[in-house]
1. Find the residue count for region 101-132, including only residues that are in contact with a helix residue (DSSP H, G or I) (Cβ under 7 Å, 6 or more places away or on another chain) and assigned to a strand (DSSP E or B).
2. For region 23-38, what are the residues that are buried (at least 16 other Cβ atoms within 10 Å of the Cβ) and more than 13 Å from the chain's Cα centre (by Cα)?
3. Might you let me know whether region 79-87 holds any residue that is without any contact (Cβ under 8 Å) to a residue 24 or more places away in the chain, under 14 Å from the mean Cα position of the chain (by Cα) and over 14 Å from Leu24 (Cβ atoms)?
4. Across region 1-23, which residue is modelled with the highest pLDDT among those that are more than 28 Å from Leu115 (Cβ to Cβ) and either part of a strand (DSSP E or B) or β-branched (Val, Ile, Thr) (or both)?
5. For region 106-121, check the following and say yes or no: at least one residue is of a type outside the set (Gly, Ala, Ser), touching a strand residue (DSSP E or B) at 6+ places or on another chain (Cβ under 7 Å) and surrounded by fewer than 16 Cβ atoms within 10 Å (Cβ to Cβ).
6. Looking only at residues that are under 14 Å from the mean Cα position of the chain (by Cα) and among the charged types (D, E, K, R) in region 51-78, which one is surrounded by the most Cβ atoms within 10 Å (Cβ to Cβ)?
7. Of the numbered conditions (1) closer than 20 Å to Gly17 by Cα; (2) touching a Pro at 6+ places or on another chain (Cβ under 9 Å); (3) of a type outside the set (Asp, Glu), Arg89 satisfies every one except a single condition; which is it?
Amino acid sequence: MTHNPVAAARPTKVNLGIHLLGDLYGCRGDLRYFLDGDALKALCLKAVSESGLTVVGELFHQFGDGGGVTGAVVLAESHLAIHTWPEKRYVTLDVYVCNYSQDNRAKAQKLFDRLISVFDPEAPRIQRVERE
C-alpha cells in the first residue's frame, strides 16, 4: 500500500465542529429584520448570547434604502453569517462552531433554531455538516 501524505496529515476524526446551513424561502417573519441592519444585528447578538456562545466581533451592512442586510458575528467558537433579500423574503443562515475545548453542538443548534423561528420560513432547506 502506498503512503498518502494528505490522509496521513488529516487528524483522526474527533468531531471538531458542526456547520449548520439554512436557505430560508418564503419567510413570513417581521420585515424589519430584512431591511434594518441595526435590528438584525441586535437580534443576532441577543440570540448568540442566549445560546451561550461568545461574541468577539461583528459587522452588519445594509444595502441602501429597501435593500437587504449582510451580517457576520465572529464567535470565539467560530461564526454566524446571515444575508437577507427582502424582495424575495429569502434569508441565508450559516452557523459554524468548533468543539476544540467543549462540545458546542447544542449551542449552535439553539442559535440556528432561534433565528429560523424569527424568520418563519415556509420552505426551509437545512443542511447539517459534521466538520472533522
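1. Final tally of qualifying residues: 1.
2. Within region 23-38, Cys27, Gly29, Tyr33, Phe34, Leu35, Asp36, Gly37 qualify.
3. yes
4. Thr2
5. There is at least one residue in region 106-121 that is of a type outside the set (Gly, Ala, Ser), touching a strand residue (DSSP E or B) at 6+ places or on another chain (Cβ under 7 Å) and surrounded by fewer than 16 Cβ atoms within 10 Å (Cβ to Cβ).
6. Among those residues, the one meeting the criterion is Glu77.
7. Going through the list (1) closer than 20 Å to Gly17 by Cα; (2) touching a Pro at 6+ places or on another chain (Cβ under 9 Å); (3) of a type outside the set (Asp, Glu), Arg89 breaks only (1).
The values are calculated or read from the model by the stated rules, or taken from the named source; none is laboratory data. Every value quoted in this text rests on a predicted model; they were computed, and no experiment measured them. With ideal geometry, Cβ positions are generated from the backbone for all residues, glycine too; neighbour counts draw on all protein chains shown.
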